[in-house]
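The values are calculated or read from the model by the stated rules, or taken from the named source; none is laboratory data. Computed from a predicted structure; not experimentally measured. Backbone-built Cβ (ideal geometry, glycine too); neighbour counts: all protein chains shown. Each accessible area value is taken on the protein alone, full model and side chains, heavy atoms only, with ligands, DNA and RNA left out. Shrake-Rupley method; radii C 1.70, N 1.55, O 1.52, S 1.80 Å.
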2 protein chains.
Amino acid sequence: MTTDESREAGRDAVATPSRPTIVDVAEAAGVSRQTVSNALNRPHKVAPDTLERVLREIERLRFTPHVSAQQLRRRRASAYGFEVNPSGHRRLGHILDEFLVELTVSAPSHASHLVAFAPDPDDVIAGYRQTLASGLVDGFVLADTRHADPRPPWLLEQHVPFVSFGRVWDLPELTRWVDVDGHAGVLQAVRHLAEAGYAQIGWLGWPTGSPVGDNRRQGWSDGLAELGVTGDAPTAEAVQDLDEATDAAARLLDRLGPDSAVVCASDLLALGVLRAVRNRGLEPGRDVGVVGFDDTDVAAAMQLTSVHQPVAEAARTAWDMLVDPTTSPGPVLLEPSLTVRASSVREPAAPARAGTRPTAKQARPDDEPPGIRP
Amino acid sequence: MTTDESREAGRDAVATPSRPTIVDVAEAAGVSRQTVSNALNRPHKVAPDTLERVLREIERLRFTPHVSAQQLRRRRASAYGFEVNPSGHRRLGHILDEFLVELTVSAPSHASHLVAFAPDPDDVIAGYRQTLASGLVDGFVLADTRHADPRPPWLLEQHVPFVSFGRVWDLPELTRWVDVDGHAGVLQAVRHLAEAGYAQIGWLGWPTGSPVGDNRRQGWSDGLAELGVTGDAPTAEAVQDLDEATDAAARLLDRLGPDSAVVCASDLLALGVLRAVRNRGLEPGRDVGVVGFDDTDVAAAMQLTSVHQPVAEAARTAWDMLVDPTTSPGPVLLEPSLTVRASSVREPAAPARAGTRPTAKQARPDDEPPGIRP
DNA sequence: CGGGCCGTGTTGATCGTTCAAAACGGAACG
DNA sequence: CGTTCCGTTTTGAACGATCAACACGGCCCG
């Protein structure tokens, strides 16, 4: 057994600390390569005692199949690309970073992994084409889908598997996406505020035209309708800028009566409200209820009640739709939950307390980082 | 040429839209496989006219080498693992997410790519071992190194290539890391505040014992020494919690005179100062100077001056150290810059203005997100 | 009792590329 | 004119796994 000896020697010697291959396991277990392969991939086709013997040797030799070899032979990478965006990553909040983390966490349970890539902003499609053509990935997970997004049509045309976190707005016939129901989230917020006893509930959102923003605003007006509010309630608009948001919030507060509350399309807008409230010597929560959206770290830091997106669940759903195209092909709309903090609680002494809505949840201690992280 | 015909037919037919291989290019250019391979990997070993012909065919057929096949034959993945942490990702700020993005952006220029993985928190090393054993990666990029971190010793013992973003505290002999000079950053902050005219400069930091925090605090005391302050200046401590930070800041403000400023070990601590300042009816910047650390999105939103880490440069440096072990083996300590905003400017009318320190930079408009991002 | 079938295991071919070595043709040289 | 050498190109083998097909023995069945 020259091969055997040289291998064994090689493993012990300093020269070649090479990993064991399937052949090493086969020889050790006294079977052929294919049987080892079957033991891992089709255990039911292997006799029980043989199976046990092979698995024992696999364990003993710490054998792990070489992914590249598998990819080559199977003609499948079992990997998916995820675009990370070099620009715009200083946005408030990091839902997408969180989504990437959760995708990564769920990857092993689908025998897959995630490859990050950063396409050239001037030709995004080229980045996708290149990543795909190299055989590095089988498909993609899209996020941050926009109006007139070039990616979904191209992927569809190329028959490339993909899912999207966020509705694919331009292609209604495309159902392979998972999103968070912003409308429902804002509705919860309105109900919660009404229950907490605020007399009037205003809206601070983005200028109309953005699909996400319009959807959230609809949740607010539907919530008011549900409460029996008939006339038009006060609203204000601001783009994603704290100073503008503060000004808009101030105007909104002028038009709201005492004991009012404001629901916002984002945590940053809510931050503007907090600031405007404090500017006139009032206390968020006690005097004016405020609810944000996204439950970012800023919300946690500022004791801001906010609509929380179930990102981990979204990631799991995305994997399901991606790797098993037969099940759950349809769109999935996840219900967000409300993380209640001091900004929507009127009694100042009591700590943050959850509403009675089934989906409302209390801010848990581990929402805040436990230790010091620089 | 049966092979040729079937291939051509396969490409046109709906059945097999398979990617072109190196053999297709070879046949089209009238050379052998190896020559095509050489044209891409050793162009100098190919006759000029042949080279041109081959490259033209590569372009025409849109040939891209199959990464898995390369990895298998080269016995090298040209990929590196990056651990993403499922817990604790709700920390304030997202320096590490940003670092991941910048790593991804720089990856292609080193003919490499990044694979995200999430090890089991109960056995982190197992996750590293598994990822490595599968041949998916050649090494790792570490981040968030801690005291008593098990990863560096293990990687060293296994002779696995790695670099670290953040000093490897326990192994002084290990030099393969890049970090941001917190000491220098705080020093800049102190100089900037002194120049802006604040009479006294206090420190709000974490409890002593954390290497990062102690390093930053040292920058503050060295800065005061440089200014000729001899006695002990006021300091306070708080863990990473906004309420605690606010209380600590209030105590600190009691001990500081008028026209004072506070330098903080983190943006969250600085947020506490902002709050404490406003609680007593004062205005950050005009009445009390405040500087944070990390230049997170919160800092931008709250108009907080903060020490900015050159994350992109850190990522590039990390790649250099990782893939080319001959050059720059030593540790690299990068100089942060100061992003000046309203919280450290005394005249209320004037917009944020940079100090005269060469590394101080003004907050650029694109620090804030341009559009609406939900 | 011959043929088909089933459970189990083996062998040859293959995925697409690069390494190692050999082949080829022409120029330089003794 | 034979030999050596060099630049260029080609051929065989290998990386480590899986697919496809087949071999083998035992069992059932007509």
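Computed values, structure above
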| item | result |
| --- | --- |
| Qualifying residues in segment A:314-338 (those that are more than 14 Å from chain B (Cβ to nearest Cβ) and more than 18 Å from A:Tyr80 (Cβ to Cβ)) - the one surrounded by the most Cβ atoms within 10 Å (Cβ to Cβ) | A:Leu338 |
| Yes/no for B:Ala69 being within 14 Å of chain A (Cβ to nearest Cβ) and either of a type in the set (Phe, Trp, Tyr) or within 8 Å of DNA strand D (Cβ to nearest atom) (or both) | yes |
| Among (1) part of a loop (DSSP other than H, G, I, E, B); (2) more than 9 Å from chain B (Cβ to nearest Cβ), the one test that A:Tyr80 misses | (1) |
| Qualifying residue in segment B:149-167 (condition: within 13 Å of chain A (Cβ to nearest Cβ), surrounded by 20 or more Cβ atoms within 10 Å (Cβ to Cβ) and aliphatic (A, V, I, L, M)) | no |
| Count - residues of segment A:117-148 that are of a type in the set (A, V, I, L, M, F, W, C), touching an Asp or Glu at 6+ places or on another chain (Cβ under 9 Å) and surrounded by 19 or more Cβ atoms within 10 Å (Cβ to Cβ) | 7 |
| Scope segment B:244-283; condition β-branched (Val, Ile, Thr) and without any contact (Cβ under 8 Å) to a residue 60 or more places away in the chain; matching residues | B:Thr246, B:Val277 |
| Subset of segment A:222-247 [open to solvent by 40 Å² or more (accessible area, probe 1.4 Å), farther than 27 Å from B:Ala299 by Cα and not hydrophobic (A, V, I, L, M, F, W, C)] | A:Asp222, A:Glu226, A:Gly228, A:Thr230, A:Gly231, A:Asp232 |
| Residue satisfying all of: in segment B:44-65; closer than 22 Å to A:Ser134 by Cα, open to solvent by less than 60 Å² (accessible area, probe 1.4 Å) and away from chain A (no Cβ under 14 Å); farthest from DNA strand C (Cβ to nearest atom) among these | B:Leu51 |
| Some residue of segment B:141-162 being free of Cβ contacts under 8 Å to residues at least 60 places away in the same chain and assigned to a strand (DSSP E or B) | yes |
| Test: residue in segment A:305-312 that is out of contact with any Asp or Glu (no Cβ under 9 Å at 6 or more places or on another chain), of a type in the set (A, V, I, L, M) and open to solvent by 10 Å² or more (accessible area, probe 1.4 Å) | no |
| Filter result for B:Val186 (within 14 Å of chain A (Cβ to nearest Cβ) and either in a helix (DSSP H, G or I) or not aliphatic (A, V, I, L, M) (or both)) | yes |
| Matching entry among A:Ser18, A:Ser68, A:Ser37 (being among the small types (Gly, Ala, Ser) and surrounded by fewer than 17 Cβ atoms within 10 Å (Cβ to Cβ)) | A:Ser18 |
| Residues being among the small types (Gly, Ala, Ser) and outside any helix (DSSP H, G or I) - total across segment B:311-340 | 3 |
| Top-ranked residue in segment A:276-287 [being in contact with a Ser or Thr (Cβ under 6 Å, 6 or more places away or on another chain) and away from chain B (no Cβ under 12 Å); ranked as farthest from A:Asp259 (Cα to Cα)] | A:Ala276 |
| Selection count, segment A:15-43, where residues are closer than 22 Å to B:Leu72 by Cα, in a loop (DSSP other than H, G, I, E, B) and more than 7 Å from DNA strand C (Cβ to nearest atom) | 7 |
| Any hit, segment B:124-139, residues being within 25 Å of B:Gly209 (Cα to Cα) and at pLDDT below 95 | no |
| Selection status of A:Val186, open to solvent by less than 10 Å² (accessible area, probe 1.4 Å), touching a residue at least 24 places away in the same chain (Cβ under 8 Å), in the same structural domain as A:Trp220 (by TED's automatic domain parsing) and touching a helix residue (DSSP H, G or I) at 6+ places or on another chain (Cβ under 8 Å) | yes |
| Enumeration of residues in segment B:112-148 that are polar (S, T, N, Q) and more than 9 Å from chain A (Cβ to nearest Cβ) | B:Ser112, B:Thr145 |
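Conditions (1) within 16 Å of DNA strand D (Cβ to nearest atom); (2) open to solvent by 30 Å² or more (accessible area, probe 1.4 Å); (3) in a helix (DSSP H, G or I), marked per residue:
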{"site": "B:Arg76", "(1), (2), (3)": "yes, yes, no"}
{"site": "B:Glu98", "(1), (2), (3)": "no, no, yes"}
{"site": "B:Val101", "(1), (2), (3)": "no, no, yes"}
{"site": "B:Ser106", "(1), (2), (3)": "no, no, yes"}
{"site": "B:Val115", "(1), (2), (3)": "no, no, no"}
